[in-house]
Each structure stands twice: as structure tokens, then as C-alpha cells.
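Report on the structure given below.
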Amino acid sequence: MDNAPLDIAAAHGAAIGIWPFVAGLVLVALLIGAFWMGARIRRREPAPPRADEQPRLPDSGPVGSVLENREPDEVPHDGDRLTPHRLPGHGNAGTRTGAPAPRPRWDAGGSGSFGSGGPGRH
């Protein structure tokens, strides 16, 4: 009986089992290389700021919010079509502080929002 086909099949099966191992080694080598390269890049970055380099609050304390009405600058009406580069400030038109206007307040007879349980307004 000739065992040559069995020897070829056994050798072929061993070769098939080696390729996943080789692929795994290549994958591990790529992961180690990526980690090494990331560490090199991280070392070149500037260090995080120290505690004395952090921003500080002003001596007057935190800056509060300012509630004011703003009035826009008027757009020139010379009849031509306006493009942003022809506007004052190149399209970023400035504003100025306007006269104080009373803010709308919640009305005790109003419901506030849908489904809030109030009687609502008609």
C-alpha cells in the first residue's frame, strides 16, 4: 500500500495550521509597533500645564452675565444688492447698547406650557 498521499495530506494540514499562527504574530507585531509609535508621539507633545500655570479668577471674582438689549447698525439702502464684503465690518456688523426694555415675565393667569396643569389663556 502506498502511503504517499497520506504523507502529502499530513504535510499540507500542518502548513494550514501554521498560517494562522504567522498571521497572529504579524498582528501582535503591528500592535506593538503602533503602541511604540504612539508613545513616541506622546513624548514629543508639550507637558500638561502645572498648577501655577492654570488660569486664575480675577480679584473681583467670577465675571457675571450681562443682560442688555442690543441695537443693530442700519443696513444702507442705496438700491444696490449688498454682499457681505460691502457691509460695515465685512459682514460682522457691530451693535450698540440699546435702551433698556422690560423683559416679559410669567403671568399668573397663564399656563406656562402645554400640560402644566394651569387653566391656560384664551
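With a 10 Å radius around each residue's Cβ, average the other Cβ atoms per peptide and rank 58-68, 30-40, highest first.
Per-residue mean Cβ counts within 10 Å order the peptides as 30-40, 58-68.
Explain nothing, just the number: dipole magnitude of segment 26-77 about its Cα centre with +1 on each Lys and Arg Cβ and -1 on each Asp and Glu Cβ, in debye rounded to the nearest 20.
Dipole about the Cα centre, nearest 20: 820 debye.
Values in this text are rule-based calculations from the coordinates and carry no lab data. All figures in this text were calculated on a predicted structure; none of them were measured in a lab. Every residue, glycine as well, gets a Cβ built from its backbone with ideal geometry; the counts of neighbours run over all protein chains shown.
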